[in-house]
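Please find one structure pasted underneath; my questions will follow.
The values are calculated or read from the model by the stated rules, or taken from the named source; none is laboratory data. Remember, predicted model here, so these are calculated numbers, not experimental data. Here the Cβ positions follow ideal geometry from the backbone for every residue, glycine too, while neighbour counts run over all protein chains shown. Remember, those area values only see protein heavy atoms, side chains included, never the ligands or the DNA or RNA. Shrake-Rupley method; radii C 1.70, N 1.55, O 1.52, S 1.80 Å.
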Amino acid sequence: MKLAIIGAGVAGLAAAHRLRSLGSGLEIVVFEKSRGVGGRAATRRAHGATFDHGAQYVKAPTPELEALLRHTLPTAPVDIALPVWTFDRHNRIAEGDHAQNRDPKWTYVDGITRLAKELAHGLDLRLTTRISRIAQANGSYILFDEQDTIVGATDAVLLTPPAPQTRDLIAASALSRTAQTTILAELDKVTYRACLSVTLGYPPRLRSRPFYALVNTDRQHPISWLAYEHLKPGRSSADQHVLIAQMAPEWSVAHWNDPPPLLAEQVAELVGSLLEESLRAPLWSDRQGWRYALPDGRADFETLNSAIGGLFFAGDYTAGQGRVHLAIEQGWKVAERIAAR
């Protein structure tokens with residue numbers, strides 16, 4: 001039996017990894033529109049620095065998740081031992097939740113993309129291939145790319161892109177009208193918060209702090225998250241400090257098309273005000289726009305995955321919250337469904 005997985009984000013890769021561990025015997029091919037794997041579990045190397053400009057770390061709140069990260073996958077993660085503190089719209093910084101800070105915050109010395117690479121190892125990956133629609137025919141599914149060229153036929157399809165992208169694909173596809181209507185109605189329940197992630201590099205002059213990162217708690221600040229990336233284990237550099245500012249959804253949308261130099265200038269000003277340091281002149285900056293950063297709302301897993309035989313769905317939008325470990329769990333959940341088919 002052949003399975004096509006559309007999207008090489010964490011949910012799709014976790015599903016493929018679980019299916020192989022179950023000995024399902026499936027012939028799996030993963031199609032990914034970009035040049036790499038991991039989706040928002042993304043790492044960039046530039047200006048002599050390694051930084052995670054999407055997801056910041058992975059939590060493992062269950063023994064099964066901890067076993068995957070620490071024992072099953074070849075590369076062991078490292079814990080960001082420093083805590084996460086909070087701030088509000090008035091730039092008032094306070095200690096974070098002690099119980100949450102006791103939980104490990106797992107990352108990798110060479111970046112969080114390492115997790116995706118480990119999950120993807122040995123898979124048949126077709127990168128830079130965007131599937132634009134699918135057609136159901138004679139018990140199989142035909143996959144078409146952006147040029148409307150057939151790129152493959154398969155017995156089952158797992159769709160893992162963000163809900164709006166999955167919706168567009170389903171709307172363009174030739175499927176049972178009743179099933180298509182059900183699926184679209186479920187996907188329409190989910191919207192996403194956009195996020196501009198701006199990385200700033202400085203000479204090693206930032207003040208020492210008792211935390212690794214700050215999170216905004218009242219959702220009334222232009223910055224949602226601020227992290228000292230150079231404090232992650234293995235990321236330290238003698239010649240620079242690296243900050244990552246992930247901007248609030250409204251601010252991100254308003255400044256989405258700002259020229260990168262202007263964007264860096266504005267973010268550096270906001271970061272400096274929050275930290276009460278002069279940070280107006282970074283050595284370098286980097287911009288990443290995440291249009292589908294965090295889901296608002298949740299599509300029902302059972303409704304989606306029972307709408308039509310051979311068509312499956314998974315992602316953070318079926319969990320209702322954007323977290324790497326939830327994407328893994330959703331991938332596992334749909335893998336069990338596929339294996340039982």
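Let's see how each residue does on (1) touching a Cys at 6+ places or on another chain (Cβ under 6 Å); (2) more than 29 Å from A163 (Cα to Cα); (3) free of Cβ contacts under 8 Å to residues at least 40 places away in the same chain:
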| residue | (1), (2), (3) |
| --- | --- |
| L13 | no, no, no |
| G39 | no, no, no |
| A49 | no, yes, no |
| H53 | no, no, no |
| R70 | no, yes, yes |
| T86 | no, yes, no |
| G96 | no, yes, no |
| D103 | no, yes, no |
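Continuing with the same structure: Output the residues belonging to segment 63-83 that are more than 20 Å from A16 (Cα to Cα), β-branched (V, I, T) and surrounded by fewer than 19 Cβ atoms within 10 Å (Cβ to Cβ).
V78, the sole residue that qualifies.
For every residue, the table says whether it meets (1) under 23 Å from E64 (Cβ atoms); (2) out of contact with any His (no Cβ under 8 Å at 6 or more places or on another chain); (3) basic (K, R).
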residue	(1), (2), (3)
I244	no, no, no
M247	no, no, no
E250	no, yes, no
L262	no, yes, no
R280	no, yes, yes
L283	no, no, no
Y292	no, yes, no
F313	yes, yes, no
A319	yes, yes, no
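I've got another one for you. For segment 89-108, which positions are within 19 Å of the chain's Cα centre (by Cα) and open to solvent by 80 Å² or more (accessible area, probe 1.4 Å)?
Residues satisfying the conditions do not exist here.
Scan segment 264-275 for residues that are open to solvent by 40 Å² or more (accessible area, probe 1.4 Å) and touching a residue at least 60 places away in the same chain (Cβ under 8 Å) and jot them down.
S273
With the condition being in contact with a Phe, Trp or Tyr (Cβ under 7 Å, 6 or more places away or on another chain), I'd like the helices (runs of 4 or more DSSP H) fully within segment 1-102 carrying at least 1 qualifying residues.
10-21
When you go through (1) in contact with a helix residue (DSSP H, G or I) (Cβ under 6 Å, 6 or more places away or on another chain); (2) closer than 30 Å to L143 by Cα one by one for H241, which number turns out not to apply?
Every condition holds for H241 apart from (2).
So which residues in segment 174-183 are surrounded by fewer than 18 Cβ atoms within 10 Å (Cβ to Cβ) and among the aliphatic types (A, V, I, L, M)?
A174, A179, listed by residue number.
Next question. How many residues, within segment 184-210, are at pLDDT below 95 and buried (at least 21 other Cβ atoms within 10 Å of the Cβ)?
Residues flagged as at pLDDT below 95 and buried (at least 21 other Cβ atoms within 10 Å of the Cβ) within segment 184-210 amount to 0.
Evaluate the following for T86: is it open to solvent by less than 50 Å² (accessible area, probe 1.4 Å), at pLDDT 95 or above and either touching a Gly at 6+ places or on another chain (Cβ under 6 Å) or not β-branched (V, I, T) (or both)?
For T86, the condition - open to solvent by less than 50 Å² (accessible area, probe 1.4 Å), at pLDDT 95 or above and either touching a Gly at 6+ places or on another chain (Cβ under 6 Å) or not β-branched (V, I, T) (or both) - is met.
Can you name the residue in segment 30-56 that is open to solvent by 50 Å² or more (accessible area, probe 1.4 Å) and in contact with a strand residue (DSSP E or B) (Cβ under 7 Å, 6 or more places away or on another chain) and, of all such residues, is modelled with the lowest pLDDT?
Applying the filter and picking the extreme gives H47.
With the requirement that a residue be assigned to a strand (DSSP E or B) and either of a type in the set (D, E, K, R) or within 16 Å of Q246 (Cα to Cα) (or both), what does segment 279-322 give you?
If we filter segment 279-322 for residues that are assigned to a strand (DSSP E or B), which is where we start, we get 284-296, 311-313.
S285, D286, R287, Q288, G289, W290, R291, Y292, A293, L294, P295, D296, listed by residue number.
Just to be sure I understand the filter: pairs with C-beta atoms under 8 Å, separated by 6 or more residues or on different chains, first member in segment 300-319 and farther than 15 Å from L175 by Cα, second member open to solvent by less than 20 Å² (accessible area, probe 1.4 Å) and modelled with pLDDT under 95. Which pairs pass?
D316/G322
Only strands (runs of 3 or more DSSP E) wholly contained in segment 113-169 count here; list those with 3 or more residues that are surrounded by fewer than 21 Cβ atoms within 10 Å (Cβ to Cβ).
It comes to 124-126, 131-137, 140-145, 150-154.
Continuing with this model, one more query. Within segment 211-232, identify whether any single residue is part of a loop (DSSP other than H, G, I, E, B), charged (D, E, K, R), surrounded by fewer than 14 Cβ atoms within 10 Å (Cβ to Cβ) and free of Cβ contacts under 8 Å to residues at least 24 places away in the same chain, and answer yes or no. So that I can check it myself, show each step before the final result.
Here is the first cut: in segment 211-232, the ones part of a loop (DSSP other than H, G, I, E, B) are 211-212, 217-222, 232.
In the following step, the residues that additionally are charged (D, E, K, R) were identified as 218-219, 232.
Among the residues that remain, those that are also surrounded by fewer than 14 Cβ atoms within 10 Å (Cβ to Cβ) are: 218-219.
Pick out the ones that are also free of Cβ contacts under 8 Å to residues at least 24 places away in the same chain and you get none.
So far as segment 211-232 goes, no, none of its residues is part of a loop (DSSP other than H, G, I, E, B), charged (D, E, K, R), surrounded by fewer than 14 Cβ atoms within 10 Å (Cβ to Cβ) and free of Cβ contacts under 8 Å to residues at least 24 places away in the same chain.
Residues of segment 237-260 being over 22 Å from R291 (Cβ atoms) and open to solvent by 80 Å² or more (accessible area, probe 1.4 Å), which ones?
Within segment 237-260, A238, D239 qualify.
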